[in-house]
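Remarks on the structure that follows.
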Amino acid sequence: QVQLAESGGGLVQAGGSLRLSCAASGPTFSSYVMGWFRQAPEKEREFVGAITSSRSFTNYADSVKGRFTISRDNAKNTMYLQMNSLKPEDTAVYYCAFKVGGIVTRAFAYDYWGQGTQVTVSS
């Protein structure tokens, strides 16, 4: 199975920045996607963005475009989420996820998940 280990998260002021990491291990596939989702208490899990294994094509939710950037380091099997200009509405538990194939924004399409890391943005 694919295993995901997250790091990062914490408490930041509005307008600040934070970088999350997600290290993957296990079987390697020729075509796959790694994505970021977030979920606030009593809210539905929400797509943030994703990156493909080939060509590093990325896709972002409208709410984070221009502020968040996803990248990957294939040598380290690690995906990053750089979050800038953070807002209180970004407060949530952030999850990394993995799926075979192309980018899909629906959470149920992803096969493996990390445990999540808390991001809290104060005003």
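In this Cβ point-charge picture (+1 for Lys and Arg, -1 for Asp and Glu), the stretch 26-81 has a dipole of about 160 debye about its Cα centre. When you restrict to C-alpha pairs under 8 Å that are six or more residues apart and normalise by the size of the stretch 6-123, the relative contact order lands at 36 percent. With 5 Å bins beginning at zero, the pair-distance distribution over Cα atoms of the stretch 40-103 amounts to 4, 14, 27, 26, 17, 9, 3, 0 %.
Computed from point charges on the beta carbon alone (+1 for Lys and Arg, -1 for Asp and Glu), the dipole magnitude for the chain about its Cα centre is near 260 Debye.
Multiplying the residue separation of Phe108 and Phe57 by 0.36 nm and subtracting their alpha-carbon distance yields 16.3 nm. The amide H of Thr91, built 1.01 Å from its N in the peptide plane, has Val121 as neighbours under 5 Å, considering only residues 5 or more places off or on other chains.
Only one residue of Tyr94, Cys22, Tyr32 has its Cα farthest out toward the positive end of the dipole of the chain, where Lys and Arg carry +1 and Asp and Glu -1 on Cβ, and that residue is Tyr32. Close lysine pairs were tallied over the chain: pairs 8 or more places apart or on different chains with Cα atoms under 25 Å apart number 6. Residues with amide H under 5 Å of Tyr112's amide H, sequence separation 5 or more or different chain, H placed in the peptide plane at 1.01 Å from N; which? Correct list: Phe98. Remark: the chain carries 53 Å² of accessible area per residue (probe radius 1.4 Å; ligands, DNA and RNA excluded). Here the Gaussian network model covers the chain, with springs between Cα atoms less than 10 Å apart; of Ser56, Ser21, Ser30, Ser30 fluctuates the most.
The values are calculated or read from the model by the stated rules, or taken from the named source; none is laboratory data. Just so you know, these numbers come straight off a predicted model, no measurement behind them. Note that we place each Cβ from the backbone using ideal geometry, even for glycine, and neighbour counts take in every protein chain shown. With ligands, DNA and RNA removed, areas are computed over all heavy atoms of the protein, side chains included. Shrake-Rupley method; radii C 1.70, N 1.55, O 1.52, S 1.80 Å.
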